[in-house]
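Data first, discussion second: the structure below is written as C-alpha cells.
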Amino acid sequence: MELLARLLGGAERVKIMRYFLHHDDAIVSSSDIVEKTKSKSITVRKELTILASIGFIEKRRTKVVVTPQAKKSTAKVKEIIGFALNKDFPHNSALKELLFDFKLVDKKELAAKFKVVGRIKLFIVAGVFIGDPKSRVDILIVGESIKRQKAEKVLEMVSAELGRDVVYALMDVEEFEYRFKMYDKFIRDIIDMDHEKVIDKVKEKLE
C-alpha cells in the first residue's frame, strides 16, 4: 500500500479509486464513500474533487430513500448529487491491473493487523491475495480466545483498503481441528486449493 500511496497521491486516494473501480455501476454520495473507505469526510471531499477534475469519476444525480427518525413520519425520496466511475476514462484497465494486484500485499504485515483479536494459531491467505478467484475464502483465521467483534472491525478496515469485501472464515482451534479430521469439505477446499500459510501453529499437519 505504501508504494501505491506514494505513486498515486496517498492511501485515501488509493482506497477511493479501488472502491469506484470495483463498484463500477454504483452512484454514491460522499458520505457513502466516507463509510465504505473508513476515511475522514474532509479528505474524501478533497479526493473526490481531484478525481472528478481528471475525469476518473463524474457527478451524477440519483434518488435515495430517506428514513425519518420519528416513528410516525413516512420515508421520503430525495434527489442528491452522487459520484460514479467514468467508464470512458482511458486508464481504467491499467488502473485495475495495478490497484487490484493484491499479490503484492505484505502477508506478514496483514497478519499482524489481527494480533489484537486473540492468539492466532493459523493464518491462511488465498483468493484475492494470491490471484485465485476460485478460492473459497480470502482469509482463514484459526485461534484461541478469538474476539470476533475485534476481528470483524479489522476485517472491515482491510476491506476498506482493498475497495471490496474480504471473504473470510474465523473459528477457534477446536472447531478447526474437528472439521479437519472429519474431512469437512469447506476446510478441505481451502487446504487443498492454492493458499499461503502466514502463521501455522496448529497441531494437525495440513496435508
ask   = What does the charge add up to near Gly82, with Lys and Arg as +1, Asp and Glu as -1, over the other residues with Cβ less than 9 Å from its Cβ?
value = +2
request  = Would you work out the relative contact order for the chain, in percent, from Cα pairs under 8 angstrom that are 6 or more residues apart?
outcome  = 20 percent
remark   = Dividing the mean separation of Cα pairs under 8 Å (6+ apart) by the residue count of the stretch 102-200 yields a relative contact order in percent of 35 percent
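Going down the list Lys107/Lys147; Lys38/Lys108; Lys115/Lys153; Lys113/Lys150, which pairs span over 19 Å between their C-alpha atoms?
Lys107/Lys147; Lys38/Lys108, as the Cα separations exceed 19 Å there.
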ask   = Between Lys181 and Val202, 0.36 nm times their residue separation minus their Cα-Cα distance comes to what?
value = 6.3 nm
ask   = So which lysines can Lys185 reach, going by Cα to Cα under 18 Å and dropping same-chain residues fewer than 8 places off?
value = Lys134, Lys205
inquiry  = Please list 3J(HN,Hα) in residue order for the stretch 86-94, calculated via the Karplus relation 6.51 cos²θ - 1.76 cosθ + 1.60 where θ = phi - 60°; whole Hz, with x for glycine and proline.
reply    = 7, 5, 8, 4, x, 10, 4, 4, 5
remark   = Between (1) 36, 22, 15; (2) 27, 20, 15; (3) 47, 23, 15, the structure-derived semi-axes √(5λ) of the Cα gyration tensor in Å is (1)
ask   = Given the chain, what percent of its DSSP beta bridges are antiparallel, to the nearest 5?
value = 80 percent
task = Would you mind calculating the gained length between Glu144 and Arg61 on full extension (0.36 nm times residue separation, minus the Cα-Cα distance), in nm to one decimal?
result = 25.0 nm
Total formal charge among the other residues, if their Cβ is under 11 angstrom from that of His23, Lys/Arg +1 and Asp/Glu -1 = -1
task = Go ahead and run the numbers for FRET between Lys153 and Asp101, Cβ-Cβ distance against an R0 of 30 Å, rounding to 0.05.
result = 0.70
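Bear in mind these aren't lab numbers, they're just calculated from the coordinates by the rules spelled out. Remember, predicted model here, so these are calculated numbers, not experimental data. Here the Cβ is made from the backbone with ideal geometry for all residues, glycine too, and neighbour counts use every protein chain on show.
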